[in-house]
Amino acid sequence: MQNSINLKMPKAVLFDLDGTLVNSSLDLGAAVDVMRVKRGLAPLGAEHYREVCGSGARGLLRLAFDMSPDHELYNSMKHEFFDQYQSMLTQQTHFFEDIPELLTALMDMGLHWGVVTNKMERFTTPLTQSYPLFALSKTVVSGDTTPHAKPHPEPLFEASRRMGLSPQECWYVGDDHRDMLAAKAAGMVGVAALYGYIGGGEPIETWGADFQIKRPLDLLNCLQVL
């Protein structure tokens, strides 16, 4: 735990979506594997893509086709992936274990909760509308809701404004370094979800998280020490 922020009981907890509330890696991986099969390549299997799911199309296309954004076909491949994923985005996606129990416990404590994701609204809206639990969230901010995406703090500011709270009254939970950078920039307590995709990149110890949780219900322990 970091000591850079004055910890106190929040009024709301905001969550990243993919890799934090829901495990969407199976649908994301399946979508890019469909593209491989169309090109005569063997599917790699959804689990093969799990660690790069937090990077979206960029990470998935890199792993599936060794294709970077400067490739001449990248944009067309990206849009093909978007269309393929949209056609199957709720086939295997599910809440991580204990997430429904966690959200219920937060509401029983009188805390609001919401979603701030870099996922585009074209995916976020149909996905969240497919699961009744999301009807209880106070806000859903997508990656294109504001002019900026995480690690910029503006999506977190937008979520707090929608709930009528100051950023300092909110915590943010996510499984990516960008999530903790956004939380710090917004003045929110940042909680790193170690059960998520995580992936490569900067070591978790360097993320600047105020708390690290190994499973969703560990968040309640963080709240209980305040």
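The values are calculated or read from the model by the stated rules, or taken from the named source; none is laboratory data. Computed from a predicted model, the values in this text were never measured in an experiment. FYI the Cβ positions are ideal-geometry reconstructions off the backbone, even for glycines, and counts take in every protein chain you see.
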Residues of segment 78-126 being assigned to a helix (DSSP H, G or I) and of a type in the set (A, V, I, L, M, F, W, C), in sequence order, are F81, F82, I99, L102, L103, A105, L106, M107, F123
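To keep it simple, each residue is scored yes or no on (1) in contact with a His (Cβ under 8 Å, 6 or more places away or on another chain); (2) surrounded by fewer than 16 Cβ atoms within 10 Å (Cβ to Cβ); (3) of a type in the set (S, T, Y); (4) at pLDDT 95 or above.
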{"position": "N6", "(1), (2), (3), (4)": "no, yes, no, no"}
{"position": "G19", "(1), (2), (3), (4)": "no, no, no, yes"}
{"position": "S24", "(1), (2), (3), (4)": "no, no, yes, yes"}
{"position": "P43", "(1), (2), (3), (4)": "no, yes, no, yes"}
Of (1) under 25 Å from G200 (Cβ atoms); (2) surrounded by fewer than 16 Cβ atoms within 10 Å (Cβ to Cβ); (3) free of Cβ contacts under 8 Å to residues at least 12 places away in the same chain, E97 satisfies all except one. Which? (3)
Return the residues of segment 165-181 that are free of Cβ contacts under 8 Å to residues at least 60 places away in the same chain and under 16 Å from the mean Cα position of the chain (by Cα); say none if nothing qualifies. H177, M180, L181
